1. Scanning the stretch 260-275 for residues that are assigned to a strand (DSSP E or B) and open to solvent by 10 Å² or more (accessible area, probe 1.4 Å), which turns out farthest from Asp218 (Cα to Cα)?
2. Output yes when any residue across the stretch 19-36 is more than 20 Å from the chain's Cα centre (by Cα) and either surrounded by fewer than 16 Cβ atoms within 10 Å (Cβ to Cβ) or among the aliphatic types (A, V, I, L, M) (or both), and no when none is.
3. Only one of these is under 30 Å from Arg248 (Cα atoms), assigned to a loop (DSSP other than H, G, I, E, B) and open to solvent by 80 Å² or more (accessible area, probe 1.4 Å): Pro88, Pro108. Name it.
4. Which members of the stretch 301-314 meet the condition of being open to solvent by less than 50 Å² (accessible area, probe 1.4 Å) and free of Cβ contacts under 8 Å to residues at least 60 places away in the same chain?
5. Residues to consider are Ala77, Ala44, Ala17, Ala10; find the one that is in a helix (DSSP H, G or I), small (Gly, Ala, Ser) and within 30 Å of Asn189 (Cβ to Cβ).
6. Looking at (1) within 20 Å of Asp154 (Cα to Cα); (2) at pLDDT 95 or above, which one does Trp61 not meet, given that it meets all the others?
7. Which members of the stretch 272-300 meet the condition of being closer than 20 Å to Ala238 by Cβ and in contact (Cβ under 8 Å) with a residue 60 or more places away in the chain?
8. Please go through the stretch 117-135 and pick out each residue that is buried (at least 16 other Cβ atoms within 10 Å of the Cβ), of a type outside the set (Val, Ile, Thr) and not in a helix (DSSP H, G or I).
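The values are calculated or read from the model by the stated rules, or taken from the named source; none is laboratory data. Since the structure is predicted, the reported quantities are computational estimates derived from the model, not experimental observations. Here the Cβ is made from the backbone with ideal geometry for all residues, glycine too, and neighbour counts use every protein chain on show. For the accessible areas, the whole protein counts, side chains as well, though only heavy atoms, and no ligand, DNA or RNA atoms are used. Shrake-Rupley method; radii C 1.70, N 1.55, O 1.52, S 1.80 Å.
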Amino acid sequence: MFETSTDEGAELERFRAELTGYCYRMLGSGFEAEDAAQETLVRAWRSYDRYDQRRASLRTWLYRIATNVCLDMLRSAQRRVLAMDLGPAAHAGAVLGPPVADQRWIHPMPDGRALPATDSPEELAVQRETIRLAFVAVLQHLPPRQRAVLILRDVLCWPAGEVAQLLETTVAAVNSSLQRARATLRANNPAPSDPWRPADPAHRDLLDSYCTAFERHDIHTLVSLLHQDATMSMPPFAWWLRGRDEIRLALLDPQASCAGARLWPVQANGSPAFWQTRPDPAGDHRPFALVLLDVVDDLVTNIVTYLDADRLVPLFGLPQPGQPAGW
């Protein structure tokens, strides 16, 4: 955290969540987004005495710093991806292969660290939709400056003139970049997902049924809750599956059994998400993986299981004792 007792520090700190969300969309990694937002606030605090409110609002000034931090971080970085971007689907029983380098993956992000507070359900829906894994993965196809323009204009709804001021360019250049970015987005359309509706009874029933079937190791029921063309992947491995039949065979593999595991709700990427825990030799449940789902028409269409639980715990926190499974 950015810690200071000054009035300036407190004023800057209130922008942390939205800056982190912006950096996450730019960078595709929760870890890097936190670092970028922290660096933004540190730079702002150090140069606060030079900030001129007549030239730009505090928010615009902070986003200019954040954009420069992200552009510097992206200068030599490879495009971050999901497993589906790395090759064709495998078949159940195929070896997982070696893990892919950490810097290639889209990493998950806690909602609470990336979504600023809002009283608008419509704004919250847009914020959630635009930190979904599939959307963030498509953003990575854009050159960094185009990425910044599209996020600022179409996600955060900034006027073209303000974006031009932030990027120190012209409105015409911003509009041209936005057109190219939108075309790339259409060509790499993110996989669909219904808006996350935690208060909707049908949505809750589906997730309750999914959790119950998973914890009972009821493969028949679990697979019945999947779309016919559902996908499943397990970063850091490039291995991924498509289709109910392949996923059913993988879940039935005794060497990959999840028997005894539990699911605990966690808020991640504006999507239904869970800690998967497994019992250790003493019988205590420990985080094993972070699971994110996509849902369309009350069926699960995509399951992403991040296996690097130890690294994700500091970002997401542990499941709370006594917290019920399900929703």
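1. Pro265
2. no
3. Being under 30 Å from Arg248 (Cα atoms), assigned to a loop (DSSP other than H, G, I, E, B) and open to solvent by 80 Å² or more (accessible area, probe 1.4 Å) holds for just one of Pro88, Pro108, which is Pro88.
4. The answer is Ala309, Val313.
5. The unique qualifying residue is Ala17.
6. Result: Trp61 fails condition (2) only.
7. Of everything in the stretch 272-300, those that are closer than 20 Å to Ala238 by Cβ and in contact (Cβ under 8 Å) with a residue 60 or more places away in the chain turn out to be Leu290, Leu292, Asp294.
8. Selection gives Arg132 alone.
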